[in-house]
1. State which residue pairs qualify: first residue exposed (fewer than 14 other Cβ atoms within 10 Å of the Cβ) and inside region 48-71, second residue at pLDDT 95 or above and among the hydroxyl-bearing types (Ser, Thr, Tyr) in any location, beta carbons under 6 Å apart, and separation of 6 or more residues or different chains.
2. Take Glu47 and tell me if it is part of a helix (DSSP H, G or I) and within 13 Å of the chain's Cα centre (by Cα).
3. Of all residues in region 15-44, which are under 26 Å from Arg84 (Cα atoms) and outside any helix (DSSP H, G or I)?
4. Just give me the residues in region 72-113 being farther than 23 Å from Ser38 by Cα, open to solvent by 60 Å² or more (accessible area, probe 1.4 Å) and under 25 Å from the mean Cα position of the chain (by Cα), in sequence order.
5. Within region 68-99, restricting attention to residues that are part of a loop (DSSP other than H, G, I, E, B) and touching a helix residue (DSSP H, G or I) at 6+ places or on another chain (Cβ under 7 Å), which residue is nearest to Arg22 (Cα to Cα)?
6. Leu20: open to solvent by less than 70 Å² (accessible area, probe 1.4 Å) and either in contact with a Phe, Trp or Tyr (Cβ under 9 Å, 6 or more places away or on another chain) or free of Cβ contacts under 8 Å to residues at least 40 places away in the same chain (or both), yes or no?
Amino acid sequence: MKRSTIQDTMFPGCPVRNILARLCDKWALLVIYILDKSGKDSMRFTELKQHMPDISQRMLTMTLRTLEEDGYVTRTVFTEIPPRVEYALTARAKSLKPILDSLLQWATDNMDDVMHDRKKATSQTDL
């Protein structure tokens, strides 16, 4: 689903296509996780970028815009020189915390087995 898509036209009532497709992209959950684990009420763009060195500035900007559009993140602009922008989690994003914690625990518990199976599958296709 494109980031600009408001609602999937073929399946307008499907939460997987309409909610999870945008929330579960490569970066969105990581941004939510970092904002949650920072211990601060909000973070500046550069702070987020420092925690995610492998994301481009453009992709972080797009991810933050998508999260803001969907009501997971608030963006506050301070009229200072130079301008300061901070991002914070909304109550909606904070309600994801137990789910995200469970998902992270599951990934930690199963990573070795998944990586083993992945290597096994790759070695079989190389034959």
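1. Sorted first by the residue in region 48-71, then by its partner, the pairs are Gly71/Thr90.
2. Working: part of a helix (DSSP H, G or I): yes; within 13 Å of the chain's Cα centre (by Cα): no.
No: the conditions fail for Glu47.
3. The answer is Trp27, Ser38, Gly39, Lys40, Asp41, Ser42, Met43, Arg44.
4. From region 72-113, those farther than 23 Å from Ser38 by Cα are 79-82, 109-113; that's our starting set.
This time we only want the ones that are open to solvent by 60 Å² or more (accessible area, probe 1.4 Å), so: 79-82, 109, 111-113.
Correct list: Asp109, Met111, Asp112, Asp113.
5. Within region 68-99, the subset part of a loop (DSSP other than H, G, I, E, B) is 70-72, 79-83, 90, 95-96.
Filter once more, keeping what is touching a helix residue (DSSP H, G or I) at 6+ places or on another chain (Cβ under 7 Å): 70-72, 96.
Working: Asp70: 9, Gly71: 12, Tyr72: 11, Leu96: 14 Å.
Looking at the filtered set, the residue picked out is Asp70.
6. Details: open to solvent by less than 70 Å² (accessible area, probe 1.4 Å): no; either in contact with a Phe, Trp or Tyr (Cβ under 9 Å, 6 or more places away or on another chain) or free of Cβ contacts under 8 Å to residues at least 40 places away in the same chain (or both): yes.
Spelling it out, it is not the case that Leu20 is open to solvent by less than 70 Å² (accessible area, probe 1.4 Å) and either in contact with a Phe, Trp or Tyr (Cβ under 9 Å, 6 or more places away or on another chain) or free of Cβ contacts under 8 Å to residues at least 40 places away in the same chain (or both).
The values are calculated or read from the model by the stated rules, or taken from the named source; none is laboratory data. These numbers come from a predicted model, not from an experiment. Using ideal geometry, Cβ is built from the backbone for each residue, glycine included, and neighbour counts are taken over all protein chains shown. Remember, those area values only see protein heavy atoms, side chains included, never the ligands or the DNA or RNA. Shrake-Rupley method; radii C 1.70, N 1.55, O 1.52, S 1.80 Å.
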